[in-house]
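Q: Okay, here's the structure, questions in a sec.
The values are calculated or read from the model by the stated rules, or taken from the named source; none is laboratory data. It should be emphasised that the depicted structure is a prediction, and the values quoted were computed from it without experimental measurement. Neighbour counts are summed over all protein chains in view; Cβ atoms, including those assigned to glycine, are modelled from backbone coordinates with ideal geometry.
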């Protein structure tokens, strides 16, 4: 099927999403102004968006790819299962909330609560890469998956806000920065990423660089901090002393 | 119908603001367009606008906007106004019959200034005198509600979607240097005309998205200073907190933001000397004015506007700039629709106030 082109303008989000869903093929949405839930639950097609898609874009995404030329709003990829979201701009708060598979690439910054509640299971391992900075509560309650913050343009300054990794108990985060994140919770360990760690994220960062036109090798040269949950039963006294 | 204050129902909401730093006036058309994009954030139970610089011909008079339930209420209120103020002009606020806007009360506007003898006998400062009169009318005269009381500004609000409320009041016909707007999705109160946003007292106005969890603590504290909270809505309380901190305590808007959305003690501990003491002082002295729980607000005032998120940033807010204009909104799309070609766009951090004022002074 040919690509369906829709000029969204002030179209109601229900009508827009009905058109996107019922078309058996790729879709181009032009002049998008805040329509919610674009691509929700979809698989098997590519959706290109020019403008400012509304909240919960790509929620429950199940294999489709979404490419945004512009900034996205809040809750992109909420509980996303599979597929790929590429944003040539910034994303709002709660990016990839509860994400369980697939990849999200953001060229610019993302807001508060990036990657909170991400989780993984067997071969399902979600990935978020943010090129610039993120707000506070990065990876809060993270249970799995991989989040990478590259701090492009930050000049080595810390590209994350406060309370990073609060309640983190799975997965890993890489933060490219000369300054170490402070006041991390006791349950989270931090170390400078070693060569083999960098090697493990190299394919993802290269893909990010290829998408947005950065030099991947250059990006990998910076200093990365690697955050992981403390493997030694970190929560044994969280609620009540564990006497065993 | 039950009113605010009689029932509590356990809000998404939408807020938007446009400010011209040069003071150049523009029509209300843009703010209507902006808030309209976020239609789905409201549910038709409240919409409203505040405009600044809209009454140049009466700019030295307090502009009182009143809702009346009955002719009798109007008579009672006008009797009170005549006793306490000199009325330079009064008229019904022009409205247009609009689908989706029903059960409108009588809506009147008065340009007034305090009787000099009454004022000097009261031994109150002029603004305090006006505030006392507003509270007296709202509390003591049945069927009346003053919903706007500032100089050279006005609040226009009601029950309906904001774009319908705009048609009803013909917001496009007003010109000002600053506008704010609200689309309401009430969660705790039933949605009465007086309970729509913006809330106003003197030239302070507030539009709010969120639901503050410190409501009752804030209410009890502010009532001790004579602010009677009648409507059980958190926005009313926020408006009074701003009035109290700014007019009565002389805090700057920056300081007000540090009180209302104070950083955590942990964050304060890490601050450099100087900053740390200021924050410690404000947190200790004004702890009862700390607002917790999700909120994003736009507070309008004479000559300026402040946008503020709660310290955890539990509600969205975006700020854009182009030329002398500053745009603030719950969603970026609501800014792009009126200015697609922004020079700058960003999301302020939780607790980080964005304060804009007229070039060359103001607040």
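Q: Return yes when residue A:165 is closer than 21 Å to residue B:265 by Cβ, part of a loop (DSSP other than H, G, I, E, B) and in contact with a strand residue (DSSP E or B) (Cβ under 7 Å, 6 or more places away or on another chain) and no when it is not.
A: yes
Q: Scan the stretch B:82-128 residue by residue and report those that are under 29 Å from residue B:167 (Cα atoms), over 22 Å from the mean Cα position of the chain (by Cα) and crowded, with 16+ Cβ neighbours inside 10 Å.
A: Within the stretch B:82-128, just B:98 meets the criteria.
Q: Does the stretch B:264-296 hold any residues that are within 19 Å of residue B:237 (Cβ to Cβ) and in contact with a helix residue (DSSP H, G or I) (Cβ under 6 Å, 6 or more places away or on another chain), and which are they?
A: B:282, B:286, B:288, B:289, B:291
Q: All but one of (1) on the phi > 0 side of the Ramachandran plot; (2) surrounded by 24 or more Cβ atoms within 10 Å (Cβ to Cβ) hold for residue B:171; state the number of the condition that does not hold.
A: (1)
Q: So which residues in the stretch B:183-204 are farther than 23 Å from residue B:69 by Cβ and in contact with a helix residue (DSSP H, G or I) (Cβ under 8 Å, 6 or more places away or on another chain)?
A: B:183, B:185, B:202, B:204
Q: Please work out which residue is farthest from residue B:318 (Cα to Cα), limiting yourself to the stretch B:22-46 and to residues that are under 17 Å from the mean Cα position of the chain (by Cα) and modelled with pLDDT of 95 or more.
A: Step by step, filter the stretch B:22-46, then rank; the result is B:28.
Q: Is it true that residue A:54 is outside any strand (DSSP E or B), under 23 Å from the mean Cα position of the chain (by Cα), modelled with pLDDT of 95 or more and surrounded by 17 or more Cβ atoms within 10 Å (Cβ to Cβ)?
A: yes
Q: Can you name the residue in the stretch B:317-330 that is crowded, with 24+ Cβ neighbours inside 10 Å and either out of contact with any strand residue (DSSP E or B) (no Cβ under 7 Å at 6 or more places or on another chain) or not in a loop (DSSP other than H, G, I, E, B) (or both) and is also farthest from the other protein chains (Cβ to nearest Cβ) among such residues?
A: Looking at residues that are crowded, with 24+ Cβ neighbours inside 10 Å and either out of contact with any strand residue (DSSP E or B) (no Cβ under 7 Å at 6 or more places or on another chain) or not in a loop (DSSP other than H, G, I, E, B) (or both), I get B:328.
Q: Only one of B:360, B:250 is surrounded by fewer than 19 Cβ atoms within 10 Å (Cβ to Cβ) and either over 29 Å from residue B:219 (Cα atoms) or within 14 Å of chain A (Cβ to nearest Cβ) (or both). Can you tell me which?
A: Result: B:360 is the single residue among B:360, B:250 that is surrounded by fewer than 19 Cβ atoms within 10 Å (Cβ to Cβ) and either over 29 Å from residue B:219 (Cα atoms) or within 14 Å of chain A (Cβ to nearest Cβ) (or both).
Q: Could you check the stretch A:69-94 and list, in sequence order, the residues that are away from chain B (no Cβ under 12 Å) and closer than 23 Å to residue A:154 by Cα?
A: Matches in the stretch A:69-94: A:69, A:86, A:87, A:88.
Q: Test each condition in (1) within 14 Å of chain A (Cβ to nearest Cβ); (2) crowded, with 18+ Cβ neighbours inside 10 Å for residue B:346 and report the one that comes out false.
A: Of the numbered conditions (1) within 14 Å of chain A (Cβ to nearest Cβ); (2) crowded, with 18+ Cβ neighbours inside 10 Å, the odd one out for residue B:346 is (2).
Q: Do we have residue A:19 as within 17 Å of residue B:337 (Cβ to Cβ) and at pLDDT 95 or above here?
A: Considered against the rule, which asks whether it is within 17 Å of residue B:337 (Cβ to Cβ) and at pLDDT 95 or above, residue A:19 comes out as no.
Q: Within the stretch B:331-343, can you find the residues that are farther than 16 Å from residue A:111 by Cα, facing another protein chain (nearest Cβ under 9 Å) and part of a loop (DSSP other than H, G, I, E, B)?
A: The answer is B:337, B:340.
Q: Another question about this same structure. Quickly run through the stretch B:239-253 and pick out the residues that are outside any loop (DSSP other than H, G, I, E, B), in contact with a strand residue (DSSP E or B) (Cβ under 9 Å, 6 or more places away or on another chain) and farther than 14 Å from residue B:297 by Cα.
A: B:243, B:246, B:247
Q: I want to confirm something. Restricting to the stretch A:31-43 and keeping residues that are at positive phi and either modelled with pLDDT under 95 or within 14 Å of chain B (Cβ to nearest Cβ) (or both), which single residue is surrounded by the fewest Cβ atoms within 10 Å (Cβ to Cβ)?
A: Looking at the filtered set, the residue picked out is A:31.
Q: So residue B:309 clears everything in (1) more than 10 Å from chain A (Cβ to nearest Cβ); (2) touching a strand residue (DSSP E or B) at 6+ places or on another chain (Cβ under 7 Å) except one condition, right? Which one?
A: That leaves (1) as the condition not met.
Q: Regarding the stretch A:213-221, can at least one residue be identified that is assigned to a helix (DSSP H, G or I), over 22 Å from residue A:87 (Cβ atoms) and at pLDDT below 95?
A: Checked the stretch A:213-221: at least one residue is assigned to a helix (DSSP H, G or I), over 22 Å from residue A:87 (Cβ atoms) and at pLDDT below 95.
Q: Can you spot a residue in the stretch B:289-304 that is part of a helix (DSSP H, G or I), more than 22 Å from residue B:51 (Cα to Cα) and either within 14 Å of chain A (Cβ to nearest Cβ) or at pLDDT 95 or above (or both)?
A: Looking through the stretch B:289-304, at least one residue is part of a helix (DSSP H, G or I), more than 22 Å from residue B:51 (Cα to Cα) and either within 14 Å of chain A (Cβ to nearest Cβ) or at pLDDT 95 or above (or both).
Q: Considering each residue of the stretch A:10-30, count those that are surrounded by fewer than 20 Cβ atoms within 10 Å (Cβ to Cβ) and more than 9 Å from every other protein chain (Cβ to nearest Cβ), and give that number.
A: 14
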